[in-house]
Amino acid sequence: MRKKLVVGNWKMNGSRAVNAQLLAGFKDSGPWNADVVVCVPFPYIAETALALTGSATAYGAQDCSAHEQGAFTGEVSSTMLADVGCRYVIVGHSERRAYHAESDQLVADKAKAALAHGVTPIVCVGETRSEREAGQTESVVKRQLAAVIHTLGHCCGEIVVAYEPVWAIGTGLTATPEQAQAVHAVLRAQLHAATDRASSMRILYGGSVKAENAAELFSQADIDGGLIGGASLKVGDFAAICLAAAH
Ligand code: 13P
């Protein structure tokens, strides 16, 4: 039985004042019988760590460099993330793939760098609307995951995978539980072919997850939790999703 994992991706939102309220409210609502993580903007990691002291909620970042250190202005290494206590980092989010032209190989290299420093990469895969309409969903997500499997080798059993259909992100359009499960099953099968740890790996669904649809999504055989954008910015909504994952 895989323990569910719920990850809040704050994206580029927040301020010191707003975050303090959000984290304090959230801390008061737990704990849940699920693993919970918040992935916050870099400047707020230290304060998040402090605000979550004594809570079971872990924290992480939304991206990391594929490089170890050196002349890479503006980048943040996974060594640094580990140094400030991050246990997770999102890599390959579709917004980074789209707006920063991140390739499958760069995403894989970032995942490798994170694992090398004990930070668990949450590797995002997902198809665009036009790719889905062209019947390419399976080939796209398999190609994205294959780069990571190839680069990590047997260590690929240590990652978290997140299936986020691009057309469902921030749009209010959610994949139906059946649509999501179908893709998760494809990803699980791909992982089985690569590692004997596939059955214990967590594959999250992301894309307009809300309190109202979380329980049904999480009840699917291969959906092991969620990667939550907008709803992770509201204490009540995020807490309700964490509760839905705890059943
Ligand atoms: P929304 O939950 O706002 O659709 O965002 C999903 C997402 O991109 C999480 O990484």
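The values are calculated or read from the model by the stated rules, or taken from the named source; none is laboratory data. If you're wondering where the values come from, they're calculated on a predicted model, not measured in any experiment. For neighbour counting, all protein chains shown are included, and Cβ atoms are generated from backbone atoms with ideal geometry for every residue, glycine included.
Take the range 179-196 and flag every residue that is surrounded by 15 or more Cβ atoms within 10 Å (Cβ to Cβ) and of a type in the set (D, E, K, R). The one that is surrounded by 15 or more Cβ atoms within 10 Å (Cβ to Cβ) and of a type in the set (D, E, K, R): R188.
From the list L173, L191, the lone residue that is of a type in the set (A, V, I, L, M, F, W, C) and either in a helix (DSSP H, G or I) or farther than 22 Å from I241 by Cα (or both) is L191.
Which is at pLDDT 95 or above and under 22 Å from V91 (Cα atoms), of A215, A168, A189, A240? Spell out how you get there, then give the answer.
Details: A215 fails: under 22 Å from V91 (Cα atoms); A168 fails: at pLDDT 95 or above; A240 fails: under 22 Å from V91 (Cα atoms).
Selected residue: A189, the only one of A215, A168, A189, A240 that is at pLDDT 95 or above and under 22 Å from V91 (Cα atoms).
Residues that are within 23 Å of I159 (Cα to Cα) and assigned to a helix (DSSP H, G or I) were ranked within the range 201-222; the one that is farthest from the ligand (Cβ to nearest atom) is F218. When you look at T128, is it surrounded by 18 or more Cβ atoms within 10 Å (Cβ to Cβ), at pLDDT 95 or above and not hydrophobic (A, V, I, L, M, F, W, C), yes or no? No, not satisfied. Filtering the range 223-247 to residues that are in contact with a strand residue (DSSP E or B) (Cβ under 6 Å, 6 or more places away or on another chain) and more than 15 Å from the ligand (Cβ to nearest atom) leaves only D224. Only residues that are basic (K, R) and surrounded by 14 or more Cβ atoms within 10 Å (Cβ to Cβ) were counted across the range 3-31, and they come to 3. Looking across G30, G54, one residue alone is out of contact with any Pro (no Cβ under 8 Å at 6 or more places or on another chain) and in contact (Cβ under 8 Å) with a residue 60 or more places away in the chain. It is G30.
One residue is enough: does the range 235-245 have a residue meeting the conditions of a type outside the set (K, R), farther than 23 Å from L22 by Cβ and not in a loop (DSSP other than H, G, I, E, B)? Break it down stepwise before answering.
Looking only at the range 235-245, we keep the residues that are of a type outside the set (K, R), and these are 235-245.
Cutting the leftovers down to farther than 23 Å from L22 by Cβ gives us none.
No: the range 235-245 contains no residue that is of a type outside the set (K, R), farther than 23 Å from L22 by Cβ and not in a loop (DSSP other than H, G, I, E, B).
Of all positions in the range 105-119, at least one carries a residue that is within 16 Å of the ligand (Cβ to nearest atom), charged (D, E, K, R) and either more than 17 Å from the chain's Cα centre (by Cα) or on the phi < 0 side of the Ramachandran plot (or both). Scanning the range 1-27 for residues that are of a type in the set (A, V, I, L, M, F, W, C) and without any contact (Cβ under 8 Å) to a residue 12 or more places away in the chain, we see that the one that is nearest to D222 (Cα to Cα) is M1.
Per-residue answers, yes or no, for (1) in contact with a Lys or Arg (Cβ under 7 Å, 6 or more places away or on another chain); (2) surrounded by fewer than 24 Cβ atoms within 10 Å (Cβ to Cβ); (3) under 25 Å from Q181 (Cα atoms); (4) not acidic (D, E):
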site	(1), (2), (3), (4)
A134	no, yes, yes, yes
S139	no, yes, yes, yes
R143	no, yes, yes, yes
V148	no, no, yes, yes
T151	yes, yes, no, yes
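Could you tell me which residue of the range 158-178 is nearest to the ligand (Cβ to nearest atom), considering only residues that are closer than 12 Å to V123 by Cα and buried (at least 17 other Cβ atoms within 10 Å of the Cβ)? This residue is E164. Is it fair to say S94 is surrounded by 15 or more Cβ atoms within 10 Å (Cβ to Cβ), of a type outside the set (D, E, K, R) and modelled with pLDDT under 95? It is false that S94 is surrounded by 15 or more Cβ atoms within 10 Å (Cβ to Cβ), of a type outside the set (D, E, K, R) and modelled with pLDDT under 95.
So that you can scan it fast, the table gives a plain yes or no per residue for (1) more than 16 Å from the ligand (Cβ to nearest atom); (2) basic (K, R); (3) within 17 Å of I228 (Cβ to Cβ):
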site: N9; (1), (2), (3): no, no, yes
site: N19; (1), (2), (3): yes, no, yes
site: C39; (1), (2), (3): no, no, yes
site: A46; (1), (2), (3): yes, no, no
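Of these, A182, A194, A198, which one is touching a Cys at 6+ places or on another chain (Cβ under 7 Å), away from the ligand (no atom under 16 Å from the Cβ), among the hydrophobic types (A, V, I, L, M, F, W, C) and modelled with pLDDT of 95 or more?
Values: A182 fails: touching a Cys at 6+ places or on another chain (Cβ under 7 Å); A198 fails: touching a Cys at 6+ places or on another chain (Cβ under 7 Å).
A194 is the lone residue from the list that is touching a Cys at 6+ places or on another chain (Cβ under 7 Å), away from the ligand (no atom under 16 Å from the Cβ), among the hydrophobic types (A, V, I, L, M, F, W, C) and modelled with pLDDT of 95 or more.
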